[in-house]
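Report on the following structure.
The values are calculated or read from the model by the stated rules, or taken from the named source; none is laboratory data. Remember, it's a predicted structure, so these values are computed and weren't measured experimentally. Cβ sites come from the backbone with ideal geometry, for glycine too, and all protein chains shown count toward neighbours.
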Amino acid sequence: MDANDPTDSTDPTALDDPLDSAQPTDSTRSTDTDEPTRADRSGRVALAFSGGLDTTVCVPLLETEYGYDEVIGVTVDVGQPPEEFEEAHETAAALDLEHYVVDATDAFAETCLDAVRANATYQGYPLGTALARPVIAEAILEIAAEHGCTALAHGCTGKGNDQLRFETVWRGSDLEVCAPVRELGLTRKFEQEYAAERDLPVEGGNEGDWSIDTNLWSRAVEGNELEEPSYVPPEGIYEWTTAPGDTESELVEIGFEDGFPVAIDGEAMAPVALISHLNERAGAHGVGRTDVMEDRMLGLKVRENYEHPAATVLLSAHGALEDLVLTGEERSFKKSVDQRWAEKAYEGLVSAPLVSALEGFIAETQTRVTGTVTMRLAGGQARPVGRESSYGVYSASASSFNTETVGDITQGDATGVAKYHGFQERLANAVIGSASEADDPLEAATDGGLTAGADEDAGEESPEASEER
Ligand code: ARG
């Protein structure tokens with residue numbers, strides 16, 4: 001049992017506790033002497049506001065527990081469903097909260113397409129929430145500056161990744177940062193009681209069975225029974241994908257320019273429209289469901305479920321085009337570049353100098369990732385079934401089994417290569433096999449080891465060899 005859990009049911013006084021005893025434990029001012037306590041904070045604070053339980057309870061707490069004079073709520077549109085904005089709007093109205101909605105869908109869609117160029121996945125799923133957070137954090141920072149705020153706040157817990165992703169952006173400004181849920185040690189149960197006592201508007205909407213984070217690129221579902229890794233998710237957790245069944249398969253052609261997807265079935269599309277189109281089209285085939293064990297930045301391992309139909313199609317198609325146009329070495333080296341890009345993106349550190357450097361390499365490779373890929377959508381799968389580019393590092397006549405030569409190179413020219421191929425490995429193995437013997441390992445390496453075993457003197461040390469020691 002957690003002694004700090006304010007909702008610990010064995011302690012009848014617990015529910016009243018956290019706000020009496022808690023002091024905000026963090027701020028942008030780091031020394032203990034000038035750390036503003038909840039009593040001495042003032043001015044306006046901009047809160048990342050979704051209208052969900054966490055951010056709703058933050059509104060009164062920022063005034064009563066921190067001392068801010070005014071809270072403004074900011075909801076950033078990164079492609080959430082319309083109901084979420086209605087919920088945010090209604091909740092803000094009921095709270096009498098000054099509320100702003102910022103449209104960042106285009107900026108976010110561009111980030112998603114950068115992620116395509118980097119083939120960005122983390123532990124087996126396409127990054128989604130992680131890509132959205134820096135966009136949201138920047139948008140809130142801008143609104144805060146415009147409205148004369150001295151502080152920024154989010155409703156993230158102290159256990160997840162999002163607190164880190166928001167704060168790395170915000171702590172680059174000179175505004176105070178507060179995280180009431182984390183700093184006051186709140187639990188969900190406490191928040192529910194607190195909201196009920198104060199008649200806060202937290203009905204319906206996103207407060208169902210699961211904790212859900214939706215944006216244009218992906219839908220993340222976690223919490224409650226899903227926290228148990230053995231629990232099989234009910235069909236009801238999915239909203240973007242139908243159960244993969246035997247829908248009739250369908251082909252879709254994705255056009256790429258410089259590694260960016262730009263067209264579907266020959267029709268040019270802007271990023272937001274292109275992603276939305278594919279979410280629907282591939283989602284209807286059950287494409288893009290992932291159920292993973294995920295290692296969060298703090299080290300906690302959690303079970304997560306995701307839906308990401310468009311991301312699955314685009315990442316797979318993009319990879320298929322790269323396979324055609326990049327050299328083998330570029331392909332294998334880029335895997336490590338992509339992996340680092342995705343790790344930094346997971347951490348919310350997309351503005352790290354390392355990321356710019358990685359993007360330099362990525363951009364250089366993407367100048368040839370232009371062409372089309374045909375994908376087959378069926379039974380929960382999106383498979384590349386055709387690819388075409390004028391940059392293909394490919395010559396049908398050279399690779400074909402039906403032609404004898406490659407330009408002026410004959411089959412026979414490969415004999416010398418075949419003789420050398422693996423020379424060093426054979427030599428090494430011969431040395432290992434005859435370490436205490438006097439055989440010349442070169443013979444074993446060049447004649448396939450035939451003479452080594454046949455040599456009568458094998459195993460006997462020559463007098464010279466023993467003298468040399
Ligand atoms: N675990 C993922 C991440 O950290 C997604 C979290 C989404 N949040 C949610 N409430 N489902 O990027």
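For I264, are the conditions met, namely being under 28 Å from G392 (Cα atoms), touching a Phe, Trp or Tyr at 6+ places or on another chain (Cβ under 8 Å) and not assigned by TED's automatic domain parsing to the domain that holds L127? Even if it seems obvious, please write down each step before you answer.
Working: under 28 Å from G392 (Cα atoms): yes; touching a Phe, Trp or Tyr at 6+ places or on another chain (Cβ under 8 Å): no; not assigned by TED's automatic domain parsing to the domain that holds L127: yes.
So I264 fails the test.
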- Kindly list, by first and then second residue, each pair from a residue in segment 126-140 that is modelled with pLDDT under 95 to a residue that is surrounded by 24 or more Cβ atoms within 10 Å (Cβ to Cβ), limited to pairs with Cβ atoms under 8 Å and residues at least 6 apart or on different chains. none
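Where in segment 283-399 are there strands (runs of 3 or more DSSP E), lying fully within it, with 1 or more residues that are within 16 Å of the ligand (Cβ to nearest atom), within 20 Å of the chain's Cα centre (by Cα) and of a type in the set (S, T, N, Q)?
Numbers: elements: 289-295, 301-307, 371-378, 381-388.
Correct list: 289-295, 301-307.
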- Message: Out of A144, A179, A151, A139, I need the residue that is among the small types (G, A, S) and within 16 Å of the ligand (Cβ to nearest atom). Which one?
- Response: A179
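Return the residues of segment 346-405 that are among the acidic types (D, E) and free of Cβ contacts under 8 Å to residues at least 12 places away in the same chain; say none if nothing qualifies.
Here is the first cut: in segment 346-405, the residues among the acidic types (D, E) are 347, 359, 364, 388, 404.
Passing the criteria: E364, E404.
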- Item | Residues that are in a helix (DSSP H, G or I) and aliphatic (A, V, I, L, M), drawn from segment 267-282 | V272, A273, L274, I275, L278, A282
- Item | Test: residue in segment 211-220 that is among the basic types (K, R), in contact with a His (Cβ under 8 Å, 6 or more places away or on another chain) and within 15 Å of the ligand (Cβ to nearest atom) | yes
- Query: Has segment 2-23 got at least one residue that is surrounded by 14 or more Cβ atoms within 10 Å (Cβ to Cβ) and modelled with pLDDT of 95 or more?
  - Reply: no
- Message: I'd like the residue in segment 221-236 that is surrounded by fewer than 18 Cβ atoms within 10 Å (Cβ to Cβ) and of a type in the set (D, E, K, R) and, out of all such residues, is nearest to the ligand (Cβ to nearest atom).
- Response: E227
- Message: I'm trying to understand the selection: among the residues of segment 83-122, which are surrounded by 18 or more Cβ atoms within 10 Å (Cβ to Cβ), more than 18 Å from the chain's Cα centre (by Cα) and part of a helix (DSSP H, G or I)?
- Response: E84, E87, A88, T91, A92, L95
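Pick out the one residue from T247, T168, T157, T242 that is assigned to a loop (DSSP other than H, G, I, E, B), more than 12 Å from the ligand (Cβ to nearest atom) and under 24 Å from the mean Cα position of the chain (by Cα). Spell out the reasoning first.
Values: T247 fails: under 24 Å from the mean Cα position of the chain (by Cα); T168 fails: assigned to a loop (DSSP other than H, G, I, E, B); T157 fails: more than 12 Å from the ligand (Cβ to nearest atom).
Exactly one of T247, T168, T157, T242 is assigned to a loop (DSSP other than H, G, I, E, B), more than 12 Å from the ligand (Cβ to nearest atom) and under 24 Å from the mean Cα position of the chain (by Cα), namely T242.
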